[in-house]
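Everything below concerns the one structure shown next.
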Amino acid sequence: MRRSNLPAELNRFVGRDDELAELERLLGEFRLVTVTGMGGVGKSRLAARAASTAEKRYCDGVRLVELAPLRDPELLDQALLDALGLTDHTRRPPREVLAEHLAGRRLLLVLDGFEHLVDDLAGLVRELLRRSPGLAVLAAARRPLRLDGEAVMPLAPLPDDDAVRLFTDRAAAVAPALRPAPEDAGAVRELCRRLDGIPLALELAAGRLPVLSVEQMLHRLDDRFRLLTGGVRGAPPRHRTLRTAIGWSHELCTPRERLVWARLSVFAGPFDLDAVEYVCGGPDLPPDEVLDVLAGLVAQSVVHREETPAGVRYRMLDTVRAYGAEWLTALDDEERMRRRHRDWYMGLASWCELEWFSPRQAEVAACADSALPNLRAALELCLEAPDEAHLAQHLAATLWFSWVGCGRLAEGRHWLDRAVRSDPRPGSRHDEARLRALWVLGYVAVLQGDDTAAMAALYECGDGAARTGNALASAYTTHRLGCLALLSDDMPRAEELLSRALIAYRELGELNSQVLMGQVELAMTKVFLGDLESAVALCREVREICQDRGERWTRAYALYVLAYAAWTRGEHGEARQLLGECITIDHAFNDLVGLVLAIELLALVTAGEGDPAEAAVLQGAAAPMWEAVGLPLFGSGYFGAPRALCERQAGEALGAERFRSCPAEGGALPKDEAVARALAGRRPVDGVPSPRGRGPRAGLTRRSRRTAR
């Protein structure tokens, strides 16, 4: 994990020298510092700059959590887990995972835009600070958390000189050929004074330079003050000024730009051009004209353009978005636009699911990650109306690839549980959506180690499939019960169920990543039953299909089984090569289950190559990953065989004292560093004897989860 996830600054940081010095002083004296102020005054930018400057104080880095797009307080803990780069597949409450992770770390957490969640967030921050002595929190919001020990730093607008510098700097970037002339200095200073030195207002004004001179802006701003300052009864003067500045910028937009501004307010996070064209287009605004309108809003700094791993995305500052939302409400169009937004993201989820089984898998993962705030908003809308619960079930189930393949099991469980509970009545015309949500819920619960919930969901799904004659839901139910039996060490039953599921898939013509995963799971079952030849044949077929389709996620699991087979034959070089590719893929998709299994097996391969010390380090690196996955090696004697054998071999070669120190070294490695070390392929150490003997069962003590019957 990188030490910091702070975004790179896209333009110059202007002024605020005194405020930065004061904020740095407060961070040195207090563990909780909150920067408060009106919207648009620059809280987020100042906090990010201060955090970047202070990063060297925190050996475990700085992590930014942007909370403005979050609407469900139940996802607060998950938002912090995401920002920290933590993946947890267990049933443990996310707060427990957070507290455990932070307990021994020295880290600065930056919380931004939480006004709407302040009560829920205050309890979370209080608990984390109490349980994590090395944790410091820098918050930025319109109001403080009001916790004991909190230092509050109110942020005022820019003084005149800094305001002029900011306006001039942004004007030079927006319109280099039209920057204010020296004779405009007085008018620029007057404009900045009229805008009260509010950075957002200044940037909006600079965005008007391509079409208006400074003098023209002053004249129009006078008009807007007279028109708009009385519109917010009881608001503080500076709040009225910001509202005036945004309203003035709004009034200067063309009618179509104002319309799109209002409609864009339904987006909860970053959005792309295709989404804007669908959601905001219509008879009054043809989709092919949306680009020009959006470009106009970008040019005026109403909308910001950014490059992301998913491609070009756009976003609005929360203050600007809120202004647009008021206009959308005034237009009496909010409900229709929210539904268009939901429909787009339901379609996007369906596209992503289809393209997951294709060469675009990495693009799909990045796209789903970028769209997550909007997908959450779509799910929330579906859950607001009981008669649309089937849409929530459909959407939550469609996103299985994100929950399972991209390390979001806990969030997937949250939405699937809510969707299933929202309409508990079987026998409706929406049975198909409910059944799909049930088997995906069962799948997620299996991977979380929650056997009871998994069996409840899968048995209900099986009964519903039998009642409605839904053969596909029946096949998926059988598959997931087979997976549960595999992780419970009931190999004969796993072989029976997985074989039945694969036969059903073939009869139905079903072929996708999940079907291929069932084939890999059957192969692993056969490995454990001693039928190595059949296992290798199954996984070679999976690898070929994945190669043809460009599928990588399931391919990684097939490579794991092939590496396991290569190790049993003593072909350590081939096993290492296969595991290297496997680890690379799993790490790219943030699939912690596949990653930790591959590192465990690589440790045994490394021991077999004559480097027991490095093998022990890799085992140590796997330990904290298992804490996030759940019961180490699923509590399975079969899956635990490589670890047990590696421990015995490395322990015999190294001696007790050195064997204890090597895993400790690995356990201290961050995940990214552990992966880099695993891929480095370090060679045998001189003077350390190679372990003798191999075989997955040697010295094994069986510990099994309860068998799924």
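For the stretch 63-86, does any single residue satisfy the condition of being open to solvent by 60 Å² or more (accessible area, probe 1.4 Å), touching a strand residue (DSSP E or B) at 6+ places or on another chain (Cβ under 7 Å) and under 30 Å from Gln448 (Cβ atoms)?
Checked against the condition, which is being open to solvent by 60 Å² or more (accessible area, probe 1.4 Å), touching a strand residue (DSSP E or B) at 6+ places or on another chain (Cβ under 7 Å) and under 30 Å from Gln448 (Cβ atoms), the stretch 63-86 yields at least one hit.
Does at least one position in the stretch 538-555 carry a residue that is small (Gly, Ala, Ser) and either modelled with pLDDT of 95 or more or over 25 Å from Pro359 (Cβ atoms) (or both)?
no
Let's see how each residue does on (1) of a type outside the set (Gly, Ala, Ser); (2) open to solvent by 10 Å² or more (accessible area, probe 1.4 Å); (3) on the phi > 0 side of the Ramachandran plot:
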site	(1), (2), (3)
Thr554	yes, no, no
Ala563	no, no, no
Ala566	no, no, no
Arg569	yes, yes, no
Gln577	yes, yes, no
Gly580	no, yes, no
Asp586	yes, no, no
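Just to verify a result, which residue in the stretch 615-668, among those that are closer than 20 Å to Ala565 by Cα and assigned to a loop (DSSP other than H, G, I, E, B), is modelled with the lowest pLDDT?
Once the filter is applied, the top-ranked residue is Ser636.
Could you figure out which of (1) at pLDDT below 95; (2) farther than 17 Å from Trp553 by Cα isn't true of Met524?
Evaluating Met524 over (1) at pLDDT below 95; (2) farther than 17 Å from Trp553 by Cα leaves (2) as the failure.
Please verify whether Arg408 is open to solvent by 10 Å² or more (accessible area, probe 1.4 Å) and either aromatic (Phe, Trp, Tyr) or touching a Ser or Thr at 6+ places or on another chain (Cβ under 9 Å) (or both), treating the condition exactly as stated.
yes
Give me the pairs, please: first residue somewhere in the stretch 128-144 and touching a residue at least 12 places away in the same chain (Cβ under 8 Å), second residue anywhere and acidic (Asp, Glu) and surrounded by fewer than 23 Cβ atoms within 10 Å (Cβ to Cβ), beta-carbon distance under 8 Å, and either six or more positions apart or on two chains.
The qualifying pairs are Gly134/Asp60; Ala139/Asp112; Ala140/Asp112; Ala141/Asp112; Ala141/Glu115; Arg142/Glu115; Arg143/Glu115; Pro144/Glu150.
Select from the stretch 355-395 the residues that are without any contact (Cβ under 8 Å) to a residue 40 or more places away in the chain and under 14 Å from Gly405 (Cα atoms) and write down the one among them that is farthest from the chain's Cα centre (by Cα).
The selected residue is Glu355.
Any residue in the stretch 295-310 that is open to solvent by less than 20 Å² (accessible area, probe 1.4 Å) and modelled with pLDDT of 90 or more?
No, that holds for no residue.
So in the stretch 202-216, with the set limited to residues that are more than 17 Å from Glu257 (Cα to Cα) and small (Gly, Ala, Ser), which one is modelled with the lowest pLDDT?
Here the residue is Ser213.
Would you check if Arg92 is under 30 Å from His414 (Cα atoms), in contact with a Gly (Cβ under 7 Å, 6 or more places away or on another chain) and either open to solvent by 40 Å² or more (accessible area, probe 1.4 Å) or in a loop (DSSP other than H, G, I, E, B) (or both)?
Spelling it out, it is not the case that Arg92 is under 30 Å from His414 (Cα atoms), in contact with a Gly (Cβ under 7 Å, 6 or more places away or on another chain) and either open to solvent by 40 Å² or more (accessible area, probe 1.4 Å) or in a loop (DSSP other than H, G, I, E, B) (or both).
Of the residues Leu458, Leu472, Leu486, which is modelled with pLDDT of 90 or more and open to solvent by 30 Å² or more (accessible area, probe 1.4 Å)?
Result of the check over Leu458, Leu472, Leu486: Leu472.
Scan the stretch 369-382 and tell me whether some residue there is of a type in the set (D, E, K, R), open to solvent by 50 Å² or more (accessible area, probe 1.4 Å) and within 26 Å of Asp274 (Cβ to Cβ).
The answer is yes, given that some residue of the stretch 369-382 is of a type in the set (D, E, K, R), open to solvent by 50 Å² or more (accessible area, probe 1.4 Å) and within 26 Å of Asp274 (Cβ to Cβ).
Tell me yes or no: at least one residue of the stretch 591-600 is farther than 25 Å from Pro663 by Cβ and surrounded by fewer than 24 Cβ atoms within 10 Å (Cβ to Cβ).
Checked the stretch 591-600: no residue is farther than 25 Å from Pro663 by Cβ and surrounded by fewer than 24 Cβ atoms within 10 Å (Cβ to Cβ).
Residues to consider are Glu363, Glu353; find the one that is charged (D, E, K, R), modelled with pLDDT of 90 or more and open to solvent by 70 Å² or more (accessible area, probe 1.4 Å).
Criteria check complete, one pass: Glu363.
Out of all the residues in the stretch 331-353, which are more than 21 Å from Arg376 (Cβ to Cβ) and without any contact (Cβ under 8 Å) to a residue 12 or more places away in the chain?
Asp332
From the set of residues in the stretch 32-57 that are crowded, with 18+ Cβ neighbours inside 10 Å and touching a Gly at 6+ places or on another chain (Cβ under 8 Å), which is farthest from Leu108 (Cα to Cα)?
Lys43
Can you say whether Ala558 is at pLDDT 95 or above and open to solvent by 40 Å² or more (accessible area, probe 1.4 Å), as far as the supplied structure shows?
No, not satisfied.
Against the definition (in a strand (DSSP E or B), out of contact with any Gly (no Cβ under 6 Å at 6 or more places or on another chain) and surrounded by fewer than 21 Cβ atoms within 10 Å (Cβ to Cβ)), how does Glu326 come out, yes or no?
So Glu326 does not fit the description; no.
Could you please give the count of residues in the stretch 133-144 that are buried (at least 16 other Cβ atoms within 10 Å of the Cβ) and modelled with pLDDT under 90?
Qualifying residue count for the region: 3.
Suppose we filter Ala575, Ala535 for residues that are within 32 Å of the chain's Cα centre (by Cα) and aliphatic (A, V, I, L, M); which single one remains?
Ala575
Could you tell me whether the stretch 446-460 includes any residue that is more than 30 Å from Leu379 (Cα to Cα) and of a type in the set (A, V, I, L, M)?
no
The values are calculated or read from the model by the stated rules, or taken from the named source; none is laboratory data. For clarity, every value in this text was computed on a predicted model and none was experimentally measured. Because the Cβ atoms are built from the backbone with ideal geometry, glycine has one as well, and the counts that use them run over all protein chains shown. We work out accessible area using only protein heavy atoms, side chains counted, and drop any ligands, DNA or RNA first. Shrake-Rupley method; radii C 1.70, N 1.55, O 1.52, S 1.80 Å.
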